[in-house]
Amino acid sequence: MIMPVGVVLILVYGLYKKVKVFEVFTEGAVEGLHTLYMIIPTITGLIVAVEMLRASGGIDLLCTLAQPAADLLGFPKEVVPMAVLRPVSGSGATALLVDIFERYGTDSAAGKIASVLAGSTDTTVYAVTVYFGSVGITNTRHTLPVGLAADLTAFLMSVLLIGYN
């Protein structure tokens with residue numbers, strides 16, 4: 001009910017302000033399609049790279065390489081794959097979150113830490129790709145390292161705040 005009422009309110013407000021509502025709508029739609037056209041190559045490249053990483057066992061290799069550092073930091077091994085995949089793929093990380101819930105339970109330490117990770121991190125690589133790609137920026141400079149550092153901070157804080165035994 002909220003959506004139809006919202007649309008009607010926008011239409012009524014536009015008519016009240018004497019805005020050519022349909023013209024403005026079609027201009028916005030054209031701009032949206034142009035933005036989509038600009039980011040399709042970037043998104044396609046990212047999706048192909050993520051799928052290649054998964055299919056080749058690259059995610060498993062990254063998890064294996066990250067495990068000693070995770071052990072040192074007290075990060076549970078059950079959540080390491082999610083921590084590795086989260087900056088790259090939101091849907092992949094969500095699938096891992098559901099798997100953690102099913103295997104260990106939502107109230108387990110792994111479930112709680114995974115929940116904090118899901119809520120406090122972002123798909124950093126995807127976001128940088130889409131947002132910078134949509135406006136044609138190719139030099140991301142410090143954006144990716146800072147975003148990944150923020151994700152690492154969220155990982156560490158999740159263990160610190162939730163605790164792990």
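The table that follows gives values for the structure above.
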quantity	calculated
Filtered residues of region 127-160 (kept if on the phi > 0 side of the Ramachandran plot and touching a residue at least 40 places away in the same chain (Cβ under 8 Å))	G136
Filter result (loosely packed, with under 14 Cβ neighbours inside 10 Å and modelled with pLDDT under 85) within region 56-68	D60
Inter-residue pairs, beta-carbon under 6 Å, first touching a residue at least 12 places away in the same chain (Cβ under 8 Å) and in region 62-91, second of a type in the set (D, E, K, R), 6+ apart	P87/D151
In region 90-149, residue farthest from I40 (Cα to Cα) [restricted to those that are assigned to a loop (DSSP other than H, G, I, E, B), at pLDDT 90 or above and not polar (S, T, N, Q)]	D107
Given (1) touching a residue at least 60 places away in the same chain (Cβ under 8 Å); (2) surrounded by 14 or more Cβ atoms within 10 Å (Cβ to Cβ), number of the condition A49 does not satisfy	(1)
Lone qualifier among R86, R103 - being of a type in the set (D, E, K, R) and either surrounded by 14 or more Cβ atoms within 10 Å (Cβ to Cβ) or within 22 Å of the chain's Cα centre (by Cα) (or both)	R86
Meets criteria (in contact with a helix residue (DSSP H, G or I) (Cβ under 9 Å, 6 or more places away or on another chain), buried (at least 17 other Cβ atoms within 10 Å of the Cβ), among the polar types (S, T, N, Q) and under 21 Å from P76 (Cβ atoms)) for T121	yes
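Residue-by-condition table, conditions (1) closer than 19 Å to V125 by Cα; (2) at pLDDT 90 or above; (3) among the aliphatic types (A, V, I, L, M); (4) not in a helix (DSSP H, G or I):
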position	(1), (2), (3), (4)
V7	no, yes, yes, no
E23	no, yes, no, no
V30	no, yes, yes, no
I47	yes, no, yes, no
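The values are calculated or read from the model by the stated rules, or taken from the named source; none is laboratory data. Just so it is clear, the model here is predicted, and its values are computed rather than measured. Don't worry about glycine lacking a Cβ; one is built from the backbone with ideal geometry, like all the others, and counts go over all protein chains shown.
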